[in-house]
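As structure tokens, the structure follows; a few thoughts come after it.
The values are calculated or read from the model by the stated rules, or taken from the named source; none is laboratory data. Small disclaimer: the values here were computed from a predicted structure and weren't measured. Ideal geometry is used to build each Cβ from the backbone, glycine not excepted, and the neighbour counts take in all protein chains shown. For accessibility, only protein heavy atoms count, side chains too; no ligands or nucleic acids. Shrake-Rupley method; radii C 1.70, N 1.55, O 1.52, S 1.80 Å.
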Amino acid sequence: MFQGCGTALVTPFRSDLSLDEEGLRRLVRRQIEGGIHFLVPCGTTGENPTLAREEHLRVVEITLEEAHGKTPVLAGCGGTREVVELARDLEGLGADGLLVVTPYYNKPTPEGLFQHYREVARATRLPIVVYNVPGRTGANVDPATLKRLAEIETVVGVKEASGNISQIAAIFQTVPESFAVLSGDDAITLPVIALGGVGVISVASNEVPFAMARLASLCLEGDFPAAREMQRRLHALMEINFIESNPGPVKAALALMGLIEPVFRLPAVAPKPESLKKIEKVLLGLGLIPETPESEPLEVRLAV
């Protein structure tokens, strides 16, 4: 169900910091029309730590409504004690699966990680994708721990965002072939799939859903010459989205493209003016925004 390219959706806000429900619907429809393979609301890119519980559920509910059961929805689900209750609520909404981030700040041991995911799995029948992003959580799910987790029937895959290609390669030596390994970084989609991965959970597909879906499909079809060409065209976008902390750059890019309001919730802030100029240059190069004689970077408002 979760293979190819899934978009880690941004969460649009209005100028008063409220959830922009109509804006979210437009974004989801654009993704589906662009041929994206699955949708991932309320992950890191969706600013989930800043969402109230009701907002989190509403974002997933709207995504499900727009998907109409035709595009799978892998709902972000994180935290510590509250994760079990949230998992049950998301199952009740009709989510197709859960992207469960490792507990952060606690710095759990491998045994603590295993027990945590087992507890979540006991609370829901939904398939669970482990989200390993040690740069944000301070905890790394190593291949040995992932091997144990793969023995839990409903733990079906991992979003690997460690950036460690050696570790990712080692995962394929330890988990069953049926266990889905998804790249958590756009820039290493091609090598991860070449190693045996099944796709990517993408930030860049917020801007270019068709192109990222095509890149993943080319890799899965084994057409690596065409995939390499696509990767080279998109590489600057993949990199510029992380010129500052995600999701600042991608939300600024979407605002430049006229798709959302440039509003952030603290501690996320607008990219610096020099970063905005670089973002605009990449978008112009890809034809994602029109070139004007006196083009100036969009002034991104800091919502406080």
(request) Would you check if Leu17 is at pLDDT 95 or above and under 22 Å from Ala150 (Cα atoms)? (result) no
(message) I need the full set of residues from segment 238-261 which are part of a helix (DSSP H, G or I) and within 19 Å of Gly46 (Cβ to Cβ), in order please.
(response) Met238, Gly248, Pro249, Val250, Lys251, Ala252, Ala253, Leu254, Ala255
(request) Would you mind telling me which numbered condition in (1) more than 16 Å from Ile36 (Cβ to Cβ); (2) touching a residue at least 24 places away in the same chain (Cβ under 8 Å); (3) surrounded by fewer than 24 Cβ atoms within 10 Å (Cβ to Cβ) Ser217 fails? (result) (1)
(request) Take segment 58-70 and flag every residue that is open to solvent by 40 Å² or more (accessible area, probe 1.4 Å) and in contact with a helix residue (DSSP H, G or I) (Cβ under 7 Å, 6 or more places away or on another chain). (result) Glu61
(request) Answer yes or no as to whether Gly163 is at pLDDT below 95, part of a loop (DSSP other than H, G, I, E, B), surrounded by fewer than 22 Cβ atoms within 10 Å (Cβ to Cβ) and not basic (Lys, Arg). (result) yes
(message) Here are the criteria: (1) open to solvent by 70 Å² or more (accessible area, probe 1.4 Å); (2) closer than 17 Å to Gly197 by Cβ; (3) not hydrophobic (A, V, I, L, M, F, W, C). Tell me which single one Pro143 does not satisfy.
(response) (1)
(request) Could you check how many residues of segment 176-203 are surrounded by fewer than 21 Cβ atoms within 10 Å (Cβ to Cβ), polar (S, T, N, Q) and under 18 Å from Pro225 (Cα atoms)? (result) 0
(request) State all residues of segment 14-31 that are under 16 Å from Thr63 (Cβ atoms) and touching a residue at least 40 places away in the same chain (Cβ under 8 Å); if no residue qualifies, say none. (result) Leu19, Asp20, Glu21, Gly23, Arg25, Arg26, Leu27, Arg30, Gln31
